[in-house]
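Peer 1: Before we start, here is the structure in question, set down as structure tokens.
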Amino acid sequence: MAESTLPGVHPRKPALLSSVSRSWTLLLLVFLAVHFAALFSPPLLDDADATHANAAQHMAKSGDWVTLYVNGIRYLEKPPLPYWMAAVDYHIFGYNVFATHLPETLGVLACAILAWLWAHRAYGDRAAFYAALGMLTSLGVFLWTRFFIPESILTFFIALALYCFLTGLDDRRPTRIYVMYASLAIAALAKGLIAPVFFLAAVLPYLVITGEWRKWRQLRPITGLLLFLAIAAPWHILAGIRNPDHGNPVGNVPAPGHVHGFFYFYFINEHFLRFLGKRYPHDYNKQPVWVFWIGQLAWLFPWSLYFPVAIRRAWRNRRIFWADVRYDASNTLHFLDPKSTAYEAARMAARVRFRARTGLLLLIYAAFILVFFSISTNQEYYTWPAYFPILLLTAGSLASIEETPDAGRWINNRSKWLTGAHAAFAIVGIVAAMALTAGLWSSRNLPYVPDIGTLLAHRGVGDYSLATSHLFDLTGPSFAALRLPAALAAVALLIGPLVAWVLRKRGHAFESTVSVAFTAAVFLIAAHIAFVRFGPMLSSRTMADTINRLASPADQLLIYGDQADGSSVIFYTQRQALLVHGTNSYFEPDSDHPQQTFGSSMIWGANYPDAPHIFLDDKDLLPMWDTGPRKFLFVPGEYNAHVEQILHGRLYKLQEVSDKTLYTDRPL
């Protein structure tokens with residue numbers, strides 16, 4: 001049992017928490033300022049962002065809601081739900097970045113609402129507010145909704161399934177159990193088998209530890225499984241029928257006309273072999289273990305400030321926690337106030353039990369996800385589903401501490417663990433503000449350059465297969481393009497942590513915590529402004545606009561390399577591109593021999609017999625250049641020297657942005 005449930009304790013309730021409408025007015029303002037406002041810029045990014053948007057665009061235009069296609073080639077890697085949602089948005093809002101990213105952003109809001117509901121039942125008003133605010137102001141939640149990935153949607157539906165599981169058993173409400181199965185099926189349509197794996201990894205140990213397995217009939221296993229299959233199975237069956245094996249596929253590497261169909265590719269290659277690090281093509285990395293674990297603190301910042309005190313408090317209360325987990329009607333709640341009515345006593349007992357079991361379920365859930373991806377191949381955002389339980393547990397612990405009277409043996413609001421965390425945050429904020437100020441001062445005489453890509457180092461950390469690789473490309477001169485966001489971040493980091501520390505020292509716990517969240521919100525707004533400044537480097541929208549302005553319907557678009565290198569050009573021009581060395585080989589700069597690469601998302605679909613003939617190499621490019629319809633050739637920087645060498649004297653440069661160049665084959 002947590003301290004805030006002790007009878008006779010009636011902490012001051014902040015005015016903001018006096019009504020749900022007040023709380024949610026502020027939460028919605030934070031959502032609008034941080035997440036909704038970021039829906040309109042920058043344009044869709046090359047690589048995964050626009051590649052996934054291309055799949056949804058084809059779905060919206062073709063009416064094929066079963067098989068995903070990118071640039072006319074089967075794209076069998078992903079389940080359909082995010083693409084269905086984006087395709088519907090395209091019909092409503094048009095083909096733009098707002099429509100593309102709206103489902104993920106609404107997923108964040110849905111997670112915040114569910115966190116509020118769950119924390120309110122388990123911990124009370126303050127924890128509910130903190131849990132929702134944490135979802136809206138955590139660094140990782142914001143970063144990993146800047147491009148088209150389904151993690152926020154997946155997180156919401158698995159969390160909803162867990163909430164319905166817990167409350168359905170506690171309240172004996174079969175309807176919620178069926179909602180659990182439906183939510184889990186929808187989660188599977190968002191991300192694949194990882195959804196039921198994560199769910200069962202949390203639920204099965206929970207049932208054993210609590211003894212709730214004896215209530216297995218309440219889980220409606222037969223009818224619930226039928227409901228799950230009725231929702232999740234039809235698309236998988238149809239996708240398998242429409243994308244069968246061709247020829248006699250051997251091994252894991254596809255060959256022209258001899259390719260494994262959907263069932264092998266989706267279930268074996270994309271799930272099991274990916275976990276084992278044997279997936280083909282090998283287009284991903286694995287973070288070093290220490291980077292992975294430190295990263296979790298960064299992605300959950302600033303709420304990770306409260307992890308030490310929450311962990312210490314949980315350890316000190318462990319015996320009470322386990323007693324509450326196994327609580328049943330035969331227990332005597334000796335700690336209840338004898339002046340309490342029977343209704344108040346029963347209500348408190350129910351909350352104590354629900355709170356403890358919430359803690360157990362979410363702890364198992366979060367721990368499994370973190371351990372799973374520390375072993376498996378991973379990207380920084382793969383642990384997104386763990387943010388929900390960690391933030392909810394942290395919010396509950398922090399709220400209980402703040403609502404504890406100053407006197408007593410418990411960790412409370414004036415604890416050095418809390419004031420120390422704020423002091424550390426204030427020091428970090430001051431140092432960061434000083435560094436940003438120094439950067440602003442050193443770049444005061446440098447001209448503003450709109451195309452920040454020309455000022456970067458292009459160090460290629462992780463071969464750009466990690467989501468944060470481009471952060472290592474920053475240089476001193478590039479700071480001149482980031483003056484506004486740097487100044488905004490410097491002010492926020494200088495003032496916000498200091499104000500929060502002073503408020504905590506003076507006993508204004510709620511105001512202190514909210515100050516930390518507001519600091520994070522302003523910092524995220526500054527981060528988005530900086531992200532927009534990277535637009536010319538990360539997106540090729542301006543080149544697509546040039547093509548749309550100059551090209552006739554008969555003209556041809558070519559991309560040198562993988563379609564992902566110029567996927568935003570394909571999206572914004574709505575043209576099918578011919579790909580030169582776009583599957584499994586390319587020419588290294590200053591080399592006359594093809595080098596093997598494993599980064600193409602087109603390899604499997606390209607080997608189907610009915611795949612369009614869009615894959616070329618140099619010997620195909622040379623004779624078709626400057627003949628027939630006009631050609632527009634998009635060339636990433638790493639191939640530019642080679643292209644200029646083989647087409648020397650036959651190239652007409654139209655545009656150069658960052659390290660990308662757009663050529664045509666004849667004068668305009």
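No value in this document is a laboratory result; all are computed from the given coordinates. Fair warning: this is a prediction, and the values are worked out from it, not measured in the lab. So basically every Cβ, Gly included, is an ideal-geometry build from the backbone, and we count neighbours across all protein chains shown.
Peer 1: In what sequence do CYS111, CYS164 fall when counting other Cβ within 10 Å, fewest first?
Peer 2: CYS164, CYS111
Peer 1: Then there is this: At what distance in angstrom do the alpha carbon centres of region 220-297 and region 483-535 lie from each other?
Peer 2: 41
Peer 1: Contact order normalised by length for region 65-205, with contacts defined as Cα pairs under 8 Å and 6 or more residues apart; what percent is it?
Peer 2: It rounds to 22 percent for region 65-205.
Peer 1: Let me ask something additional. Within region 225-263, what residues put their amide N at less than 12 Å from the label point 7 Å along the Cα-to-Cβ vector of LYS278?
Peer 2: 251-253
Peer 1: Further question on the same structure: Over region 541-664, what relative contact order in percent results from Cα pairs under 8 Å that are six or more residues apart?
Peer 2: RCO, region 541-664: 27 percent.
Peer 1: Within straight cross-link reach of LYS278, meaning Cα distance under 27 Å, which lysines are found once same-chain residues fewer than 8 apart are removed?
Peer 2: Cα-Cα hits under 27 Å: LYS78, LYS191, LYS286.
Peer 1: Can you work out the FRET efficiency for the pair VAL532 and GLN576, with r the C-beta to C-beta distance and R0 = 22 Å, to the nearest 0.05?
Peer 2: For VAL532 and GLN576, the calculated efficiency is 0.15.
Peer 1: Tell me which lysines have Cα within less than 21 Å of LYS416's Cα, excluding those fewer than 8 residues away on the same chain?
Peer 2: Output for LYS416: LYS505.
Peer 1: Please identify which residues in region 124-159 have an amide N closer than 15 Å to a label point set 7 Å out from the Cα of ILE294, following the Cα→Cβ vector.
Peer 2: Of the residues in region 124-159, none has backbone N under 15 Å from the label point off ILE294.
Peer 1: If each residue's Cβ is checked for other Cβ atoms within 10 Å, how do TYR75, TYR206 rank with the fewest at the top?
Peer 2: Ranked by crowding around the Cβ, least crowded first: TYR75, TYR206.
Peer 1: Something else: Please compute the modelled spin-label separation between MET624 and MET434, points set 7 Å along Cα→Cβ, answer in nm with one decimal.
Peer 2: Those two pseudo-labels are separated by 6.0 nm.
Peer 1: Still on this structure: Taking the Cα centre of region 541-664 as the origin and placing charges on Cβ (Lys, Arg +1; Asp, Glu -1), which of TRP604, LEU579, GLN645 is farthest toward the positive end of the dipole?
Peer 2: Of the options given, the answer is LEU579.
Peer 1: So, one more: Just to verify a number: FRET efficiency for LYS416 and ILE646, C-beta to C-beta distance, R0 = 56 Å, to 0.05?
Peer 2: Result of the calculation: an efficiency of 0.25.
Peer 1: While we're on this one: So how do SER18, SER567, SER41 line up by other beta-carbon neighbours within 10 Å, fewest first?
Peer 2: SER18, SER41, SER567
Peer 1: So for region 541-664, what percent of the C-alpha to C-alpha distances run longer than 18 Å?
Peer 2: Roughly 49 percent, rounded to a whole number.
Peer 1: For the ranges 89-98, 122-131, what's the packing order if you count other beta-carbon atoms within 10 Å of each residue, average per peptide, and put the highest first?
Peer 2: 122-131, 89-98
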